[in-house]
Amino acid sequence: MDLRQLRYFLSIAEEGQISRAAKKLHMAQPPLSQQLQQMEEELGVTLVERKRNGKKMELTEAGKILYEKAQSILHSFEESILEVKETGEGMKGTLSIGVVLSCVSYLPAKIERFNQKYPNVSFKLLGGDPYEINRYLEKREIELAIVHPPLAMNGLLTKELGQEPYVFVFPKKWSSLGSKKSINMKEIENIPLLLIHRTKGEGIYDEIKAECNRVGIHPNILCECPDVNILLSLVSSGIGASIVPKTSIPPFLNEGIKVLNINDTSLQSETVLAWNQDRYLSRAAKRFIDLF
């Protein structure tokens, strides 16, 4: 068995169909089926099973073990090749970074500064909520992540980027709040709220609910969404208000919304730069970490 066959197997496992995997690999279906059969014969086990409809394929227990091992082997191989190449080359390539949408404000100045120093390095950015960014780190699709804790993945190293208060955001067209300079939690109770909610796990949503319980109010939650830009666009349209980290508000939305500090809360949002401690980090990733 060789690395080429492991790549074939990973594609089959991820696509769930020989035909789709063959298309992804830019090869014909019969040779790919033959490669899978050769692997099963060599190992003496069945790696995939067809479902009743004959199209969808699922991994057997042996297949699941091979899938995990193959991922680890290929990642290690690719990182070793990168490490060897970097001993004799200047700084170049692509740096992959995952970023939670409410943390995007940490990136522009750093990317601009990095590009001035290392113009031959380009960036690949993947956005999402913390659960999605965590999965990108696990699958090694990114080297670095800018996120709000907590993170589900073990074996991460982090650098704290800062803490900031949560603020109350509402439509400018709401004249009843227009003259206020700040607001109390009790005043928020009956206002329809649009809150950030992770795809999975605890986060901002749970912190806000806990704070409401602490001050003895029952929030009127109209909408939940993992995308802060969608929520703030809805706030700008006038259907409700939100509570978000202060720097998560993009400048292009400032015309339609107004921001108030919340007087009687100690809610703070923490942001960290995270990376997997057991993988090889490219020189570009290390230099980018140094910027912080």
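Read the figures in this text as sums done on the coordinates, not as results from a lab. None of the values given here were measured: they were computed from a predicted structure. For neighbour counting, all protein chains shown are included, and Cβ atoms are generated from backbone atoms with ideal geometry for every residue, glycine included.
Points to keep in mind about this one:
- Selected residue [in a loop (DSSP other than H, G, I, E, B), under 23 Å from SER105 (Cα atoms) and not small (Gly, Ala, Ser)] from GLU255, GLU224, GLU207: GLU255
- Residue count for the stretch 147-176, restricted to those that are under 28 Å from GLU189 (Cα atoms), in contact (Cβ under 8 Å) with a residue 60 or more places away in the chain and under 19 Å from the mean Cα position of the chain (by Cα): 2
- All positions within the stretch 151-164 that are under 27 Å from GLY256 (Cβ atoms) and surrounded by 14 or more Cβ atoms within 10 Å (Cβ to Cβ): GLU164
- Options GLU255, GLU207, GLU224: the member that is in contact (Cβ under 8 Å) with a residue 40 or more places away in the chain and within 26 Å of ILE133 (Cβ to Cβ): GLU207
- For LEU177: the one exception among (1) touching a Lys or Arg at 6+ places or on another chain (Cβ under 9 Å); (2) farther than 24 Å from ASN220 by Cα; (3) among the aliphatic types (A, V, I, L, M): (2)
- Screening the stretch 176-201 for residues that are among the hydroxyl-bearing types (Ser, Thr, Tyr) and closer than 20 Å to ASN263 by Cα and picking the one that is surrounded by the most Cβ atoms within 10 Å (Cβ to Cβ) gives SER182.
- For the residues LYS64, LYS24, LYS51, LYS69, the requirement of being among the basic types (Lys, Arg) and either surrounded by 15 or more Cβ atoms within 10 Å (Cβ to Cβ) or more than 25 Å from TYR136 (Cβ to Cβ) (or both) singles out LYS51.
- Among the residues of the stretch 212-227, those that are surrounded by 15 or more Cβ atoms within 10 Å (Cβ to Cβ) and either over 28 Å from the mean Cα position of the chain (by Cα) or closer than 11 Å to LYS186 by Cα (or both) comprise CYS212, ILE217, PRO219.
- In the stretch 107-122 there is no residue that is farther than 17 Å from ALA285 by Cβ, of a type outside the set (A, V, I, L, M) and surrounded by 14 or more Cβ atoms within 10 Å (Cβ to Cβ).
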